[in-house]
Amino acid sequence: MYQTTYHRASSVDEAASLFAKGTEAKFLAGGQTLLPVMKQRLASPSDVIDLGKIKELQGVELSGDVLTIKAGTTYFDIMQNADVQKAIPAIAYLTSVLGDPAVRYRGTIGGSIANNDPAADYPAALLALGATVKTNKRSISAEDFFQGLFTTALEDGEIITAVSFPVPAKAGYAKMRHPASRFALTAVFVAQTKSGEIRVAATGASQSGVMRVPAIEAALKAKWSPAAIDGVSVSASNLLADIHGTAEYRANLIKVMAQRAVTAAG
Amino acid sequence: MSTVKLTVNGKAVSVDVEDRTLLVQLLRENLNLTGTHVGCDTSQCGACVVHMDGKAVKSCTMLAGQADGANVTTIEGIAKGDELHPMQAAFRDNHGLQCGYCTPGMIMSAIDIVHRHGGGLDEATVRRELEGNICRCTGYHNIVKAVLDAAGRMKVSQAAE
């Protein structure tokens, strides 16, 4: 790891002002991605601003039909949270198959979505549920937030403070998990909103990061059942192809994972 | 350089380290607690697992500064004098190690698993929960047996206290 200067912020405002003083600063949440990347010398921030002890970034709130998870809440705390389990159990499940126990103690939802790895789990949940990303400056819809591989709408120095999820009528998640990295080889989040809209998002599949799957949404709108997806054709164009799977394999996985996600949603 | 103050195995320590120092480096190189190992160095293998404020974390994936003010327990801190921790005793009795390199991380993760699941632990849960700890000798069978054995012993020793 290259030299860096570590700062611990005690509030979002302090973190923003520390960031502004650094020449090439980075925010550190749980560090489960940033620190490995720094160790590989793929990132060399002049300053690391630790958000981990900021109390206003911790916790979960359920208010009416909106579940708000503050950005610094760890995967472990999200999984265990009674409001998450009650309001959107698919999010608790998604979190339980993310990383491993030691990673789940440290990693945070804000860190995950700020990084926007094309095979990360949370982006699929945000996009399928129509979530809103709150920052210290504004609110951003999930659609506008995720902008391709490792790219988001966040501006330099902008800090994610929370994610708000509308509580859906039904939701489910299914993941083909890479056994070594534990990232999604392909995973699908399906949701039926309380107003009847069907939204389906796939992660680990597209070269452009998390994506909606309109063909499966249309099939599920006609009939909410795994069998409704049987006849759908998912295009392999622009899907990822690597040593783990071809684009055609991932196209088929999108269908299979969507069917399993619908079964899980009930 | 920064001064990091933390409690390690019950003792308060204060160490001056470069800001880029990882927690595992502070433990091994500054405090000479070399029981905590570095295996993969990429957050996959779990050889570096220690407890921070009661939670099993990968000490190669934390800056020392993030542990400032924390209470850290390493493999050196779990026995009571000459009396092994029940998890250590169970690993010995069940031959839960071959080369021993992964063992400190396995034991620290396993104690955390028992604390979280208590008596309700079964083999499938142990195997799933140990996925962040890799044994290259492929000795998982006896490791799982040891964890299940220790879960029983830890319950007994808690009840006795």
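Okay, here's what the table says:
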quantity: Volume per residue that the Cα convex hull of the range A:170-265 spans, once the total is divided by residue count, Å³; calculated: 85
quantity: Square roots of 5 times each gyration tensor eigenvalue, C-alpha, the range A:87-222, largest first, Å; calculated: 21, 19, 15
quantity: Distant-in-sequence amide H partners of A:Tyr6 (H built 1.01 Å from N, under 5 Å); calculated: A:Val48
quantity: Extension reserve of the A:Val256-A:Ser181 stretch, reckoned as 0.36 nm per residue once the Cα distance is removed; calculated: 24.9 nm
quantity: Value of Rg to Rh for the range A:31-168 (Rh from inverse mean 1/r over Cα pairs, i.e. Kirkwood); calculated: 0.94
quantity: Additional length obtainable on full extension of the chain from A:Lys223 to A:Ser139, 0.36 nm per residue less Cα span; calculated: 26.9 nm
quantity: Taking all pairs of distinct alpha-carbon atoms in the protein assembly as shown, Kirkwood radius in angstrom; calculated: 22.6
quantity: Sequence-separation-based contact order of chain A, relative, with Cα cut under 8 Å and 6+ spacing, percent; calculated: 15
quantity: Pairs of lysines in the range A:147-266 (C-alpha under 18 Å apart; 8 or more residues apart or interchain); calculated: 8
quantity: Label-point separation, B:Lys155 to A:Glu197 (7 Å along Cα→Cβ), nm; calculated: 4.9
quantity: Cα pair distances exceeding 24 angstrom across the range B:46-153, given as percent; calculated: 18
quantity: Distant alpha-carbon pairs in the range A:5-50 (separation over 13 angstrom), percent; calculated: 51
quantity: Long-range amide H partners of A:Leu185 with built H, under 5 Å; calculated: A:Met176, A:Arg177, A:His178
quantity: Pair A:Arg41, B:Thr7: separation of 7 Å Cα→Cβ label points (nm); calculated: 4.0
quantity: Relative contact order, percent, the range B:2-77 [alpha-carbon distance under 8 Å, six or more residues apart]; calculated: 40
quantity: Candidate lysines for bridging to B:Lys55, where Cα separation is under 26 Å - those fewer than 8 sequence places away on the same chain excluded; calculated: A:Lys26, A:Lys39, A:Lys53, A:Lys55, A:Lys70, A:Lys86, B:Lys5, B:Lys11, B:Lys80, B:Lys145, B:Lys155
quantity: Kyte-Doolittle mean at least -1.0, axial Cα span of 24 Å or more - DSSP H helices of chain A; calculated: A:247-265
quantity: Gain in span if fully extended, A:Phe150 to A:Val66, counting 0.36 nm per residue against the direct Cα distance; calculated: 27.5 nm
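Rule-based calculations on the coordinates, nothing more; no lab input. These numbers come from a predicted model, not from an experiment. When we count neighbours, we look across all protein chains shown, and the Cβ atoms used for this are built from the backbone with ideal geometry, even at glycine.
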